[in-house]
1. Would the stretch 145-154 turn up any residue that is assigned by TED's automatic domain parsing to the domain that holds I326 and surrounded by 21 or more Cβ atoms within 10 Å (Cβ to Cβ)?
2. Restricting attention to the stretch 278-306, which residues are touching a helix residue (DSSP H, G or I) at 6+ places or on another chain (Cβ under 8 Å) and either modelled with pLDDT of 80 or more or aromatic (F, W, Y) (or both)?
3. Tell me whether the stretch 236-250 contains one or more residues that are at pLDDT 75 or above, in a helix (DSSP H, G or I) and surrounded by 13 or more Cβ atoms within 10 Å (Cβ to Cβ).
4. Give the number of residues within the stretch 52-96 that are over 19 Å from the mean Cα position of the chain (by Cα) and not in a loop (DSSP other than H, G, I, E, B).
5. Looking at V78, is it among the β-branched types (V, I, T) and surrounded by 14 or more Cβ atoms within 10 Å (Cβ to Cβ)?
6. Just to be sure before I move on: is Y313 modelled with pLDDT of 85 or more and loosely packed, with under 13 Cβ neighbours inside 10 Å in the structure I sent?
7. Say we look at the stretch 194-235 and pick out the residues that are among the aromatic types (F, W, Y) and either loosely packed, with under 13 Cβ neighbours inside 10 Å or within 30 Å of G39 (Cα to Cα) (or both); which of these is modelled with the lowest pLDDT?
8. For the stretch 37-49, enumerate the residues that are touching a strand residue (DSSP E or B) at 6+ places or on another chain (Cβ under 9 Å) and of a type in the set (A, V, I, L, M).
Amino acid sequence: MASRWYNPLSWRMFGYTDPATGDYVEVDATIGGRRTKSGLVITPTKAMTIPIVWSCVKVLSETGAGLPQKLYDDATGVRVLAPKTGRNARLLRKPNPYMTRLNFLKAMIVNMALRGNGFAIIERNRQNEWIGTVPVSADDVEVNTDDGLVYWVTLQGKRFPVSPENMLHFKLFSADGINGMSPVECMAESMGLAKTAQDWSARFMRKGGFTGGYVVYKEFLTQTQQEQILKKFPDIREGDVEDIGKMAILQGGPSIVPAGISQKDSQFIESQQFQEEALAGVWGVPLYLANRAGKTSIQGSNLEQQDSTFVKYGLGPYVKAIEDEINDKLFADSTLFVEFSMEGLLRGDSAARASYYTAALGGNNGSGWMSVDDVRDLENLPRLGGDYGRVTLWEMESNANET
């Protein structure tokens, strides 16, 4: 198969570390990027150097990949957990020899969050059975729809086609249903503004907060006089913070006029906060999860509401996209299906869970809609099994009263 032609360890996601020098090399900085009005070309790599972008992508990838992934079988019309020792369950835990499920899903979510698309080639044996999935960079995949749908993959200088049934294509929302829209490309201007402000702040601090200025004389100076005056001052444009604070003696009654504006006058902090809020909204991550608690009430009820909003509208689309693609490409011809358990992220404190479970089990003369084992599953406790595990609290109380 074509997947034998390349080394999975050479994926070109963002760049690589040169083994000879140990330096990080960004591969073709213009790929997947766009030049902005700020003058910067924003790529996925540069986007990740913006703190709020790093925080949001980190929260999404680590939270999404860490969700319990369960394989069910509904052959009888009632879903049951598939055996963990089965081949499909093992492949979900270890999709290829180089990574576990956690790292595989992290890579897919990071690529979806930055590029709008995540790709992984499905490897099959001669019986067309799924035997593994290997991620490939979005830069190495060309989606061709001229004559049907074909994925052209270029790896190690070799270009080969991959049919849709052999390519996992995880995508965010799409304008054509085929290609996901890249947040980095669509939000390049906002990211360019944030990155430019970050770079300017770094230079401002490096110069000790000195923005330069003018030495003004009422009369014209000769070239020799200008050179003599310039020698009295350190060249802040080329110097460093150690050059600041030096004194000079100037004759002839000059006046000193500062150049530029201060961070306060430019509303630098307010601008940074606005960009952080705007970029956090791109991924639907609450500011407090991105370690920006100063903009968020820390009351428990408010945090629970924000958690619920994040799970439903921020993380949810990634999880649903992964479930849908896996079930369509890997288990379309079987009764198996994958589902992520998100209840753990939505549950409240101990008191709130106890009240909810009491009602779910049929307490307070209610009918109940969950069994004891259902509750134990949500709390990551082992199932009791047997008749006891299948009944609700209401049924247990009714049976006790009858006896």
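1. Checked against the condition, which is being assigned by TED's automatic domain parsing to the domain that holds I326 and surrounded by 21 or more Cβ atoms within 10 Å (Cβ to Cβ), the stretch 145-154 yields at least one hit.
2. If the condition is that a residue be touching a helix residue (DSSP H, G or I) at 6+ places or on another chain (Cβ under 8 Å) and either modelled with pLDDT of 80 or more or aromatic (F, W, Y) (or both), then A278, L279, A280, V282, W283, G284, V285, P286, L287, Y288, L289, A290 are the ones that fit.
3. Within the stretch 236-250 (the criterion being at pLDDT 75 or above, in a helix (DSSP H, G or I) and surrounded by 13 or more Cβ atoms within 10 Å (Cβ to Cβ)), the answer is no, since none of the residues qualifies.
4. 14
5. no
6. In short, yes.
7. Selected residue: F210.
8. Listed by number, the residues that qualify are V41, I42.
The values are calculated or read from the model by the stated rules, or taken from the named source; none is laboratory data. This one's a predicted model, so the numbers in the text were calculated from it and none came from an experiment. Here the Cβ is made from the backbone with ideal geometry for all residues, glycine too, and neighbour counts use every protein chain on show.
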